[in-house]
Structure formats: C-alpha cells, structure tokens
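First the structure, in the form of structure tokens, and then the observations on it.
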Amino acid sequence: MESIKSEKKEKNNETHTHIISVLVLNNPGVLQRIAGLFTRRGYNISSITVGSTESPNLARMTIVVKGNDKILEQVVKQLNKLIEVIKVSDLSVNKCVKRELCLIKIHAPNESSKSQIIQYTNVFRGKIVDLSQESLTVEITGNSDKINAFVDLVRNFGIKEMARTGLTALMRGPKILKSKKS
Amino acid sequence: MKGAEAVIKALEYEKVDVIFGYPGGALLPFYDALYDSDLIHILTRHEQGAAHAADGYARASGKVGVCVATSGPGATNLVTGVATAHADSSPIVAITGQVPTKLIGNDAFQEIDALGLFMPIVKHNFQLRSAKEIPETIRSAFNIAKTGRPGPVHIDLPKDVQEEELDLDKYPIPAKVELPGYKPTKMGHPKQIKLASSHISKAERPVIIAGGGVNIANATSELMQLAELYSIPVCTTLMGKGSFPEDHPLALGMVGMHGTKPANYAVSESDLLIAIGCRFSDRITGDINSFASHAKIIHIDIDPAEIGKNVRVDVPIVGDAKLILNNIVSHLIKMNMNNNNANREWIEYLQSLKKSCTPKMDYSDVPIKPQRIVKGLMNVIRELNIEKRSIITTDVGQNQMWMAHYFKTHFPRSFLSSGGLGTMGFGFPSAIGAKIAKPDFKVISITGDGGFMMNIQELGTIADYNIPVVICLFDNRTLGMVYQWQNIFYGKRQCSVNFGETPDFVKVAEGYGINALRITNPEEIEECLKEALLSDKPYLLDFAIDPSEALSMVPPGGKLKNIIDPITEHPNEKVICFDEIKRRFLEKDSNKNEDTLSEELSESEKDEGIKV
C-alpha cells in the first residue's frame, strides 16, 4: 500500500498530454456542456474535435488535454458524471491511431519555390489542393508530429494561412468505445 | 391534450403533491392547466423563495421538490436557489417557461438562454422542443434528480410546446427510462470493503467524518452500528449534522473551520479516517497537507469524482453509504474482527478533551448571548417533547455557525442549512418548504437579520397561507460573519457591515398580520419560544443579541488544530446618510465648475475640496 501511494505521488506531478475520446449523445448543447466543464474546472483543452459516428444519435469528441495524472483522473471522472456522456476513454494508455488534418497556404511567387514545395509535399504524402500565382495550398494528414515537421519545413517560404483540425483518434485493433459506464 | 396538461400529468405520475412557483407570460399555458389539477401551488413572493422552498421540501422529506418560474427574469431569479441545491446535492426539479421555439435566439421579450444559464449549476438540464418529448423528459428528470448523488434538474419549457397538442396514448409516460450514459454505482466493491474492514479492525485512533451523504442515504442506523461496534468517535460536517445523535458519548460535534476542538484534534491525530458521504471541502480540511496527515483514509461516496479530488485516499469505496456501511459492519461481525479495545486510550483522551471544552451556554447577559437562545431552544424542544418532530433551518453566517456548534441535533433531516454555496436568504424560505413537507413537525427558521432581509418578502407567503413557521431572528444589526473576519484578518477595519437601526421587525411582521415579539431579556426566551411554537401560527421572534459575540475559528487554509479566538468588539462602523452623500457630490460638482472658471486653482486645493 505504502509503495503504491508514493509511486502515485511521483506520477502526479508530471505533466503529460492525453488524448481523451468521449462518446456523447448528439443532443443540442452537448458541446457547450463539455466545454463548460473544462472552463469551470480550470482544465486546459489543447484541441477538441467533434464529429458524427457510426450511429446518428452519437457524436465523438476527441479532446487533447495537458495535465498531471490527478487532473486527468478528475477530467475523466467529471466527464463521466455528465448524463449525456456515454463513454470516456483515455487513449494515450491504449494503442491508438491518431490523425490530424492540416490545410496550409504557402507563399510561392515563383516556379522554383513552387516545385520545391511540391517536392516536400510528396515526401510527406500530402496533396496540393489549390494553386495560384502567388501561393499554393497543401493538405496534409497525419499525427501531430508529422504535421509539425512539415510546417517547420515550409516556414521559410512564408506561411500565409493555416488551419489545423486538431487530433482525432480511434483505438487500434477490434476494441471499441461502446460499453456502458461502469 | 395540451403539452401543459401532459406536464401536469407527468408531475402527478411522479407523485408530486406541491409546486412552489411564480407565474409569468411564458408559463400561462402551464398555469392554465394547473387550474384543473389537484396539485397544490404555493405562490411565493419571489422566484428565489420558490427555489429555496422546493429545496427545503426536498431536504426535509427526501422527495423531489418542484419549483417553477417564467422565462427571462423568472429563470434568473431561480438561479441562486438551484445553485444552492446543487452545492448540497438536494433533489429538485426546476421548470422554467421559455419563449416560443420559433422566437428562441431572437432576443424576444423575457428571453434568456436558460439552458446555458443553468448548465453549470444542475445535475442535468433539458430544453423541450416538442410536446412529444414531455412524458419521457419529465420521467428522466425526476429519475436523475433523486438517484445516485441527488441534485437539481432543470427543464426549459417553451410556450408553444406547452400549447402543442399531444396524444398521451401515442407517447405515454414510460414506466422506466433508459439513460444510456447514467448508471450510478450502488454496491461498494467487495475487495475495498474487505480492505476497509481490516483497517478498521486494526486502528488505534480511528475517527469517522459523517457528511451530508449519510443523511441523504438514510444510513444513520448503519453509522451508529459501525461507531458502536468499535467505539469509533464520530464528527460530522455541517451537512452531516443529524446523521449521528450529538448527545451520544462518541459524538465529537462538527469538524472544520468552525469545528469543535475535540473534532478537529481527533481528525488531526487519527490513524484512520473514515469519511462517509463528505467531499472534503476547504471548510473541512483547512491546510490540505496537514489534514489527517497520520491517517489512512477510507472514503465512501456515491460520486466517484469526489474521491481523490481534494485529499489522497487509501481505500476508495464508490457506492451507496447505507449499503456499504451495512456490508462493512456485517463483514466485521462475520470475520469476528476484534480490535481488543485497541482504541480505548484514544477514546479516553477525546472524552477528556470534550469535557475540558464544554461550551458555556448559560449566560444571563443583556443584550442576549446567542448561546443562551440556543440553550433556550433546546430546553423548549425537550420540554415540549418535539425532538423527533422538529426541523431547524438556518441561514448563513454567524447564526448558522452558532447553531452548528451549540445546537445538539439528534435526527437526520432535522437540521437544514446551506452548506456548500453558503446562500444568505436560504433559511427562511427553506423553512416554508420544510413545513409543507412535514406539516405535523414544528419548523423553526433560525436566521440573522442580514439573511432574513434577503428574502423577507416571504412573510407574505407564510401569512397568506397561514404556514406556522417560527422565525427566530438573531438580530444584531450587523453582518456578523463579515464583521468577525474584518476584525480578525483586516485589522478591525469594519466596512459595510452595519445595518443601522432599521427596520422594526416586529412592525414589519405585524404589517403582514404575523404575530411577533421582540425579546431583550434572556429570561423571556423559553416562554416566548413556547408561545410561538404552540400557537400553530406563523410567528416572528426578534431576539436582540449581543453584536460583539463571535465564534472561535480556524483561519482559512490553516491547520485544524490552530483554533484562534475571535476578537469580540462592538461594531463601530459609521454609516453615512444621504445628506452627506449629496453634500459631497454637490461639492465635487461645484469644484469642477470652479475649475473651468478659474484655472489658477491649484492641485492641492482641489484635492482638499473633494476629500472633506
């Protein structure tokens, strides 16, 4: 018991990034309810994505939170208390597939910069989705590290505009987030 | 059938017998349907009164209290009452009218985003968009309010939904509702129960903190069993008052900022802390690092989020307190776990501590000491033999802490107080709800002059319905708790705590046709209380108490053993009157005019002119 306690104490102070997947009833106001909970309790959301699921009355939120174990435990417990929350899972403890989509408009006034950006985009398996005299827009998908790397790479050309969706994620393997709350 | 009638039908299905409310434009169809119903509607004088009354009804009875208010300002006026119920896990259903759905979002007359407004202060809320949602939603609302950790549920009811035709045969009130995201845990984990039992059997300095959850779960007899089985001393939180009879040899009184010395010492020195249905608020723990620092902590709570939120916990047990305590007791008995009086020394130590700080109550001072009133109240309750049939509600502030500290409570749901939110103005209207819930009980509303004036308009309610609530006003013309803190922590700089000499509360009561007495002599206390309690009419007792009286306390965030004495000093704040305000403002204006006229007025002269 003692050893567990001290171990827990050590863990508590380290800040980690967690990906929390939340299955919610697709009711009006549910996003406000979740977002309000984070604001009220002082938890920081790094990113949040919301979208439909396999079932029309359910929505999935993928929330990226930074915090220590104690905060994360509270986030999960407080989310679980909400009536419209069906299931909460901390994906970072499981193996999961993470993806983020990024649209990035890059300054490219001449052929050489254009061709260079196209080359980079190919390496990162991105797509050129729009092209103009002065710029081109790249769509790039992957985990956040990959997108960060690409953004760093093209920063010198001049990033005119960028939109990132934030992370969305699913567990690997046949496991699904469906079961009722314990 | 119209939607509004379906709402009434659904409320009747939930066995609602009384609604506290206040009508308005967006609720006209609802009130029209109420006309044909047997439901009793108590018209309060302010929506806040309705919310507190519903809350008092819920706390006294354990049933769900219902309050209604119209859209916009009606809804905002409910907010304080609903938040109060939320902080103390009291089951109420609050229904607000709303502008017709097609107008929602248009900033219509008396429109407010009630759904968003109530969201952070309720267990759950709903906005109905069509009448066919009514039966299931109201069933769900009551189910959510009263199960698991109880709490308020809010339903926003647009006017057109109330008027929409609904075929109840097609959309019947469901016998059972399925909420896929709501499954409160009731049974404690057997492994944790075993572990807790083993800790209890080995403890040498155990102590129980009984919180409001014990009262809510009706777990008082189980608590008694556990305490007596191993002679474990019991202290309570404010909300836990009544969960353990306070004249019991094992009772230590309230713990925390305004706790008793034995309770605070017991928790600080314990080697095992059994916390049941309490959430370790800052008013209980003080400095979190020194709180029960030598103890293993067993935390029993129905809300998993409360466990580990504020203090580290060694044995978490999620579930219903009654079932869990029952399981622990039967496990201890079955395993014949005997601790061979390992805690005898501990009990003796606490008993001697208890003896050494028995509070003095028998003052004959004029102005009256509050302790003397509390003593008188206990005497009268004993004499009239109404211990089992009386309910005390308190307001917030000194009156509340005096009652918590000095008044011995014996039964659950007999001491109602706003603990979590600390809502001044709660005491009096909640007494109205308690009296309606328990008509054969004597209900005594203890309040200070500040809190009483926050909902003084409800005198109209008790007068009109002839609700025999006895109001005991601890009248010191001072915001006592603020004054006490200013004295201790802000160098006696009293600011905005003096209420002056008005009103004459006896005359105010008489204006409503309510019997009232002003009591200045401590020898009259018992006699007046008896008269008021036996009159079976609303009654106001205005006790002129000593404004310098204050209670010892632990400074916020301090160690629980660091109990400091109050500074008892007569309030001396000067109140400025309007004439003085007017004089200063006019002077300011004339100085400004002079400024523009003559540039030569120097800076220093200007300052002097404004100060005075």
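The values are calculated or read from the model by the stated rules, or taken from the named source; none is laboratory data. Remember, it's a predicted structure, so these values are computed and weren't measured experimentally. A quick note on method: Cβ atoms are made from the backbone with ideal geometry, for glycine too, and the neighbour counts reach across all protein chains shown.
Scan region B:370-385 and give yes if some residue there is among the small types (Gly, Ala, Ser) and within 19 Å of the chain's Cα centre (by Cα), otherwise no.
no
Consider B:His199 against the criteria (1) touching a residue at least 40 places away in the same chain (Cβ under 8 Å); (2) within 14 Å of chain A (Cβ to nearest Cβ); (3) assigned to a loop (DSSP other than H, G, I, E, B): it satisfies all of them except one. Which criterion is unmet?
It is condition (3) that B:His199 fails.
When only residues in region B:454-482 that are crowded, with 24+ Cβ neighbours inside 10 Å and of a type in the set (S, T, N, Q) count, which is nearest to B:Ile40 (Cα to Cα)?
B:Thr461
Right, B:Val7: crowded, with 19+ Cβ neighbours inside 10 Å, assigned to a helix (DSSP H, G or I) and at pLDDT 95 or above or not?
Against the criterion (crowded, with 19+ Cβ neighbours inside 10 Å, assigned to a helix (DSSP H, G or I) and at pLDDT 95 or above), B:Val7 qualifies.
For the subset of region A:138-182 comprising residues that are within 14 Å of chain B (Cβ to nearest Cβ), exposed (fewer than 14 other Cβ atoms within 10 Å of the Cβ) and in contact (Cβ under 8 Å) with a residue 12 or more places away in the chain, which member is farthest from A:His107 (Cα to Cα)?
If we take residues in region A:138-182 being within 14 Å of chain B (Cβ to nearest Cβ), exposed (fewer than 14 other Cβ atoms within 10 Å of the Cβ) and in contact (Cβ under 8 Å) with a residue 12 or more places away in the chain, then A:Lys180 is farthest from A:His107 (Cα to Cα).
Would you check which residues across region A:118-138 are assigned to a strand (DSSP E or B) and of a type in the set (A, V, I, L, M) and list them?
A:Ile128, A:Val129, A:Leu131, A:Leu136, A:Val138
So which of A:Ile128, A:Ile71, A:Ile86 is surrounded by fewer than 21 Cβ atoms within 10 Å (Cβ to Cβ), within 14 Å of chain B (Cβ to nearest Cβ), on the phi < 0 side of the Ramachandran plot and hydrophobic (A, V, I, L, M, F, W, C)?
After ruling out the rest, the residue left standing is A:Ile71.
So, in region B:82-113, of the ones that are part of a helix (DSSP H, G or I) and out of contact with any strand residue (DSSP E or B) (no Cβ under 7 Å at 6 or more places or on another chain), which residue ends up surrounded by the most Cβ atoms within 10 Å (Cβ to Cβ)?
B:Thr84
When the residues of region B:86-141 are narrowed to those that are basic (Lys, Arg) and within 30 Å of B:Gly277 (Cβ to Cβ), which ends up nearest to the chain's Cα centre (by Cα)?
Per the criteria, the residue is B:Lys123.
For residues that are touching a strand residue (DSSP E or B) at 6+ places or on another chain (Cβ under 8 Å) and farther than 21 Å from B:Gly72 by Cα, scanning just region B:152-176, find the one that is surrounded by the fewest Cβ atoms within 10 Å (Cβ to Cβ).
Out of the qualifying residues, it is B:Glu165.
Of the conditions (1) under 14 Å from B:Met453 (Cα atoms); (2) β-branched (Val, Ile, Thr); (3) crowded, with 21+ Cβ neighbours inside 10 Å, B:Ile519 clears all except one; give me its number.
(1)
Need pairs with beta-carbon distance below 7 Å; first residue among the polar types (S, T, N, Q) and within region B:52-68, second outside any strand (DSSP E or B); sequence gap 6+ or separate chains.
Close Cβ pairs satisfying both conditions: B:Ser61/B:Ala437; B:Ser61/B:Lys438.
Here is a yes/no grid of residues against (1) touching a strand residue (DSSP E or B) at 6+ places or on another chain (Cβ under 9 Å); (2) of a type in the set (S, T, N, Q):
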position: A:Gly29; (1), (2): yes, no
position: A:Gly36; (1), (2): no, no
position: A:Arg41; (1), (2): no, no
position: A:Ser46; (1), (2): yes, yes
position: A:Arg60; (1), (2): yes, no
position: A:Asn68; (1), (2): yes, yes
position: A:Gln74; (1), (2): yes, yes
position: A:Glu84; (1), (2): yes, no
position: A:Ser89; (1), (2): yes, yes
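Does region B:312-328 hold any residues that are within 14 Å of chain A (Cβ to nearest Cβ) and either of a type in the set (Asp, Glu) or surrounded by fewer than 18 Cβ atoms within 10 Å (Cβ to Cβ) (or both), and which are they?
B:Arg312, B:Asp314
With the structure loaded, tell me whether B:Val313 is over 30 Å from B:Ile392 (Cβ atoms) and touching a His at 6+ places or on another chain (Cβ under 9 Å) or whether it fails that test.
yes
Can you name the condition, by its number, that B:Ala544 falls short on among (1) assigned to a loop (DSSP other than H, G, I, E, B); (2) touching a Pro at 6+ places or on another chain (Cβ under 8 Å)?
Single failed check for B:Ala544: (1).
B:Gly151 fails exactly one of the following numbered conditions: (1) in a strand (DSSP E or B); (2) within 24 Å of the chain's Cα centre (by Cα). What is the number of that condition?
(1)
At least 3 residues that are in contact with a Ser or Thr (Cβ under 8 Å, 6 or more places away or on another chain) and buried (at least 21 other Cβ atoms within 10 Å of the Cβ) in each: list the helices (runs of 4 or more DSSP H) lying fully within region B:347-453 that qualify.
In region B:347-453, B:398-406, B:427-437 are the helices (runs of 4 or more DSSP H) which contain 3 or more residues that are in contact with a Ser or Thr (Cβ under 8 Å, 6 or more places away or on another chain) and buried (at least 21 other Cβ atoms within 10 Å of the Cβ).
List every residue pair whose Cβ atoms lie under 7 Å apart, where the two residues are 6 or more positions apart in sequence or sit on different chains, the first residue falls within region B:177-193 and is more than 10 Å from chain A (Cβ to nearest Cβ) and surrounded by fewer than 17 Cβ atoms within 10 Å (Cβ to Cβ), and the second residue, located anywhere, is of a type outside the set (A, V, I, L, M) and part of a loop (DSSP other than H, G, I, E, B).
Close Cβ pairs satisfying both conditions: B:Lys186/B:Gly319; B:Lys186/B:Asp320; B:Met187/B:Gly319.
Given B:Lys176, B:Lys146, which one is of a type in the set (D, E, K, R) and modelled with pLDDT of 95 or more?
The match here is B:Lys146.
Which of (1) touching a helix residue (DSSP H, G or I) at 6+ places or on another chain (Cβ under 9 Å); (2) part of a helix (DSSP H, G or I) is the odd one out, the single condition B:Tyr171 does not satisfy?
(2)
Of B:Ser281, B:Ser293, B:Ser270, which residue is buried (at least 24 other Cβ atoms within 10 Å of the Cβ) and among the polar types (S, T, N, Q)?
It is B:Ser270.
Just give me the residues in region B:329-346 being buried (at least 21 other Cβ atoms within 10 Å of the Cβ) and among the polar types (S, T, N, Q), in sequence order.
Answer for region B:329-346, where residues must be buried (at least 21 other Cβ atoms within 10 Å of the Cβ) and among the polar types (S, T, N, Q): just B:Asn343.
So, in region B:115-149, of the ones that are in contact with a helix residue (DSSP H, G or I) (Cβ under 6 Å, 6 or more places away or on another chain) and away from chain A (no Cβ under 11 Å), which residue ends up nearest to B:Ala58 (Cα to Cα)?
Across region B:115-149, the extreme among qualifying residues is B:Ile138.
Out of B:Glu458, B:Glu501, which single residue is assigned to a helix (DSSP H, G or I), touching a residue at least 12 places away in the same chain (Cβ under 8 Å) and acidic (Asp, Glu)?
Of B:Glu458, B:Glu501, the one residue that is assigned to a helix (DSSP H, G or I), touching a residue at least 12 places away in the same chain (Cβ under 8 Å) and acidic (Asp, Glu) is B:Glu458.
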